[in-house]
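Here is the structure we will look at.
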Amino acid sequence: MEQILANGLYLGAQYALIALGLTLIFSLMNVLNFAHGQMYVFGGFVTYTVVAQWGLPFILGLVASAIILAVMGALIEVFLFRPVIRKSKRDESTMLLAAGIAFFLDAVILLLFGEKQRGVPKILNGVFNWDMRIIMPYDRILILVLAIAMIAGFIALMQYTKAGRAMRALAQDRMAAQLMGVDVDRYSMIGFALGAMLAGLVGGLLVTITGINLGMGGPTSVKAFMMIMIGGAGVISGAIAGGFILGMMESIGLTVLAAYGDITYLVIFASLMVFLAFRPQGLMGKPWG
Amino acid sequence: MMNKTYAGLAAFLLAIFVLIPVVISATGRWDLYYTLTSVALLSIGAAGVWLTFYIGRINIGQGAYALMGGYVSAVLMTQAGFSFWATLPLAGIFCAAVSVLIGLPILRLRGVYFAMITLVLTEVARLTALALPVTNGAKGITSIPLPGELPIFGLTLIPDFASMESPKLAFYLLAVTLMVLTYLVLWRIVNSRLGHLCRSLQQNEELSASIGVNTAYLRVLAYAISSFFGGLAGAVFVAISQSIYPSSFAVTDSVNFMLYCFVGGLGYVGGPMLGTFLLYFGWDLLSVAKEYQLLIYSSAMIALMLVLPNGVLSLFDRKGGRK
């Protein structure tokens, strides 16, 4: 049982980080970022290139992933989303753009990094063993700690800095924030960059454990959508809760339901639909997003 | 004005039923039939997605119904011995019935929430197909017979596909006929009282409910029609490929259905048809670019979005806002 919980916590921390980036972009721009999974894969490949091919330390790989993805996110916001949002008659049009960007990133990843599964050598050796109750390799524990530290850092950023306050104001009411003198364009760009950066960081973290390949983008996006649906779209605490809940459900499901075959995800999906029928806005979301 | 519309329609029908087969047999590009058949079938599915857009919902779950319709048709044909022609409407009706059950709770959701839940639905459909015994799991159902003859009162209306020299042409005609029927139905819906009610839902659901529109009934009805089209498209696809797997329609296909609608333009009945044609045909033509295919395709899509964010058909939209 302890093992299941530990696994769930480990999965949940990563999921929460992915969901945070997605929900941040959604709350600021009202854009459902289909390309989030692809950004995550891209970040993983950047870390792989820096660590496994150039032989630099892991931490540099993470930093490189963060910087490259943040720049990419900022450019995407300024040159793609901003003009489309201004010109389009309906906000849903951004979905086509986001899906186009997802395809585009897939193509870029294929051309730059190839289609093979990639991983980096273990960054820490050894296994933590607590009385045979919890067995966990040290590198997973390190990733868990890093992920939780990043979540804490992100919350602190949103809560206590000027940029964070501006972004929270934007998420609440774009018009009101603008009237209060918040530079809407600038903080939209920063928010998008931050969301993309989070996706890149998770990619960089996970490449050390599970490796990374081209096909992981789409399924990751779907999982991230589920998390923010559980927690409520556009709410930061909801994204964290959704990430941890999904991580736990996966961990428990894979153990308990193993006897019935590969139905964990079916059960999770079905219960999500039932849950949403009763609480459409998720755990903590505002009604109708 | 009206005469012009009818003339355009007649020209379009002439082109797809006479001109294209003539041109193809003259040039010998028989492979184009497969592409064009796919375009016709996918645009049937996209028509359904478009109808859900029309009530103001973003539907990324059409792949689920296409898969469901495909499986219904395949299972009925291989295990219950139905003829293809009987399974075609049954697949559609089954999907519509299921969509009523699913739609009742999830259609209460709006905006991004509905979009995300329908995307999840596609994944649920795939996993269900993997888990159920009747669908034969990941191995799928293969060697499904070609459509047989369709007799009405002893008269053979449609001959047996297996006995034909070119089932490709027959499938093309079948798909195109279905497509024309689908869009006629769609056009009729949009230009009826039902269409006006749907537009009121799209603009403001509370307001239309407050003036006495039964919004819950309407949105389930629109969703059921939409799923009917999805199931129809899936069933014909199965007949063409003579096989179906859980991965036949996946999340990518659902997203594609949505993209077809966007590219064509959400405000126009012909939008999804044109969008499907442009994207699918463009993708096919780009296969000469080999590894750069996806790059060029997605760049073109992004560029299209930057230039014409309201769809290709908005080019003809001179007065702005006119339907």
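Quick note: the coordinates plus some simple rules give every number you see, no bench work behind them. Keep in mind the model is a prediction, meaning the values are calculated, not measured. Please note: Cβ atoms are built from the backbone with ideal geometry, for glycine as well, and neighbour counts cover all protein chains shown.
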Anyone know which of B:245, B:34, B:71 comes out most mobile in the 10 Å Cα GNM of chain B? B:34
Connecting C-alpha atoms closer than 10 Å in a GNM of chain B, tell me which of B:275, B:63, B:148 has the biggest fluctuation. B:148
Residue-averaged beta-carbon neighbours from other chains (10 angstrom radius) around A:266-276: 4
Under the definition of partner shielding as Cβ atoms of other protein chains within 10 Å of a residue Cβ, what is the mean value for peptide B:106-119? 6
Could you tell me the distance between the Cα centroids of region A:72-89 and region A:209-254, to the nearest Å? 26
Alpha-carbon centroid distance for the pair region B:43-121 / region A:2-60, whole angstrom: 33
Given only helices, namely DSSP H runs of n ≥ 4 each adding -39500 (n - 2.57), what is the per-residue ellipticity at 222 nm of chain A, to the nearest 500 deg cm²/dmol? -23500 deg cm²/dmol
Dipole size in debye (nearest 20) for chain B around its Cα centre, Lys and Arg Cβ +1, Asp and Glu Cβ -1? 880
Go through region B:33-42 residue by residue and turn each phi into a ³J(HN,Hα) via Karplus (6.51, -1.76, 1.60, θ = phi - 60°); whole Hz please, and just put x for glycine and proline. 4, 4, 4, 5, 4, 4, 4, 4, 5, 5
Value of relative contact order over region B:28-250, rounded to a whole percent, pairs C-alpha under 8 Å and six or more apart: 45
Scattering curve values for the protein assembly as shown, log₁₀ I(q)/I(0), Debye with Cα scatterers, q = 0.07 Å⁻¹: -0.45
Most fluctuating residue of A:17, A:205, A:170 in a GNM of chain A with Cα springs under 10 Å: which is it? A:170
Taking each residue of A:228-241 in turn, how many C-beta atoms of other protein chains fall within 10 Å of its C-beta, and what is the average? 1
Pairs over 31 Å Cα to Cα, from A:89/A:116; A:223/B:168; A:89/B:4; A:122/B:139; A:122/A:223, come to A:89/A:116; A:223/B:168; A:122/B:139
Eligible aspartates and glutamates near residue A:162 by straight Cα distance, threshold 17 Å, same-chain separation 8 or greater: A:173, A:183, A:185
Global size of region A:147-210 as Cα Rg and Dmax, reported in angstrom: 14.0, 47
Considering amide H positions built from the backbone, and no H for Pro or chain starts, which residues 5 or more places from residue B:60, or on another chain, come under 5 Å of its amide H? B:118, B:119
222 nm mean residue ellipticity, helices alone, for chain B (DSSP H n ≥ 4; -39,500 (n - 2.57); rounded to 500): -22500 deg cm²/dmol
Share of Cα-Cα pairs in region A:2-278 beyond 32 Å, in percent? 24
Does anyone have the angle between helix A:236-256 and the longest principal axis of chain A? Alpha-carbon axes, 0 to 90°, nearest 10? 30
